[in-house]
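Below is one structure, written out as structure tokens; the observations come after it.
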């Protein structure tokens with residue numbers, strides 16, 4: 001699916017405390033995420049999440065076998081990956097460290113938006129809404145049989 005100019009930010013998330021049998025890497029977080037959320041242009045949560053993700057620099061390196069979150073800002077092309085320990089990698093260059101409190105706040109905020117659909121935004125984003133929404137749902141819930 002081609003990128004839509006109305007999409008501001010994409011989030012792919014597996015709750016931080018979830019353990020997986022198969023490693024979740026930067027290459028696989030999108031397909032293995034339990035929560036996928038797209039935000040329309042200039043959503044206030046974008047600035048809030050950037051502040052949290054960039055709050056504390058670190059020399060620690062991200063563990064690419066336990067990735068739990070990918071945040072992608074499409075306008076400025078920034079990508080953040082966060083592992084289960086709270087290590088953040090921005091644009092494959094800069095590392096940050098989230099505190100347990102920041103991880104908890106981030107998780108609660110993301111889960112708050114989970115399962116919410118703004119129909120007006122969805123119609124704007126998905127010109128062929130039924131096919132694209134069905135396709136997205138099928139990728140997120142392959143065993144649902146719906």
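Looking at 100, 61, 124, which is the one that is modelled with pLDDT under 95 and either loosely packed, with under 12 Cβ neighbours inside 10 Å or more than 14 Å from the chain's Cα centre (by Cα) (or both)? Walk me through it before giving the result.
Numbers: 100 fails: modelled with pLDDT under 95; 61 fails: modelled with pLDDT under 95.
Going through 100, 61, 124 in turn, the sole match is 124.
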(request) Within segment 42-67, track down each residue that is farther than 20 Å from residue 93 by Cβ and in contact with a helix residue (DSSP H, G or I) (Cβ under 9 Å, 6 or more places away or on another chain). (result) 45, 48
(request) Look through segment 17-46, keep the residues that are buried (at least 17 other Cβ atoms within 10 Å of the Cβ) and at pLDDT 95 or above, and return whichever of them is nearest to residue 113 (Cα to Cα). (result) 29
(request) Please tell me if residue 52 is touching a strand residue (DSSP E or B) at 6+ places or on another chain (Cβ under 8 Å) and either closer than 20 Å to residue 10 by Cβ or at pLDDT 95 or above (or both). (result) no
(request) Search segment 65-77 for residues being surrounded by 15 or more Cβ atoms within 10 Å (Cβ to Cβ), more than 10 Å from the chain's Cα centre (by Cα) and modelled with pLDDT of 95 or more, and hand back the single one that is nearest to residue 40 (Cα to Cα). (result) 67
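The values are calculated or read from the model by the stated rules, or taken from the named source; none is laboratory data. Remember, predicted model here, so these are calculated numbers, not experimental data. With ideal geometry, Cβ positions are generated from the backbone for all residues, glycine too; neighbour counts draw on all protein chains shown.
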